[in-house]
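One structure is given here, and the rest of the page talks about it.
Laboratory data are not the source of any read-out in this text; all were calculated from the coordinates shown. The model shown is predicted, which means the values in this text are computed figures rather than measured ones. Don't worry about glycine lacking a Cβ; one is built from the backbone with ideal geometry, like all the others, and counts go over all protein chains shown.
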Amino acid sequence: MKLLLAGIVLIFIAGSEAQWLNFPVQAVQGAGDMWRAYQDLKESNWIKGDKYFHARGNYEAAQRGPGGVWAAEVISDLRERMNGMSGQGPEDEAADQAANRWGRSGGDPNHYRPKGLPEKY
């Protein structure tokens, strides 16, 4: 009986540890999602499209798991700090962060999709 109980506990511990082994992989994949959204933003050159790409990058990264959420949050915060130093106003920064949080929390990025943006994006 003790051996069975020890085996069950070991399975639970190993299972929970395995999830944390995925964290770095999820973070790298999430960073890749953020990079693709940024590249699409630049390629589209769509006026008023930045909130959509913010939400989309965060959404796709968060779908990877906890590592992706972490990567999206770190990258988003760093990007907003850099944009703030370049003269971006506090209202625009707050709107960007709202789009970031929307995407990270699982909100549909199309909520921010501007009219006429090609389906490619």
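General observations
- Electrostatic tally near Y112: other residues with Cβ closer than 11 Å to its Cβ, Lys and Arg +1, Asp and Glu -1, net +1.
- 10 °C / 1.306 mPa s Stokes-Einstein diffusion coefficient of the stretch 45-100, Kirkwood radius on C-alpha pairs, µm²/s: 137 µm²/s
- Cut-off 15 Å between beta-carbons: net charge of the residues surrounding G32, Lys and Arg +1, Asp and Glu -1: 0
- With the highest mean first, a sort of the peptides 47-55, 23-31, 104-112, 77-85 on other beta-carbon atoms found within 10 angstrom per residue produces 47-55, 23-31, 104-112, 77-85.
- Sequence ranges 90-96, 59-65, 33-39, ranked by mean other-Cβ count within 10 angstrom, highest first: 59-65, 33-39, 90-96
- Binning the C-alpha pair distances of the stretch 14-121 at 5 Å intervals from 0 yields a P(r) profile of 2, 14, 22, 24, 18, 11, 5, 3, 2, 0 %, listed from the shortest bin outward.
- Net charge of Cβ neighbours under 11 Å - reference G84; Lys, Arg +1; Asp, Glu -1: -3
- For V25 and I47, the difference between the fully extended length at 0.36 nm per residue and the C-alpha to C-alpha distance is 4.6 nm.
- Where Rh is the Kirkwood radius over Cα pairs, Rg/Rh for the stretch 78-121: 1.05
- Computed Rg/Rh of the stretch 19-64, alpha carbon atoms with Kirkwood Rh: 1.09
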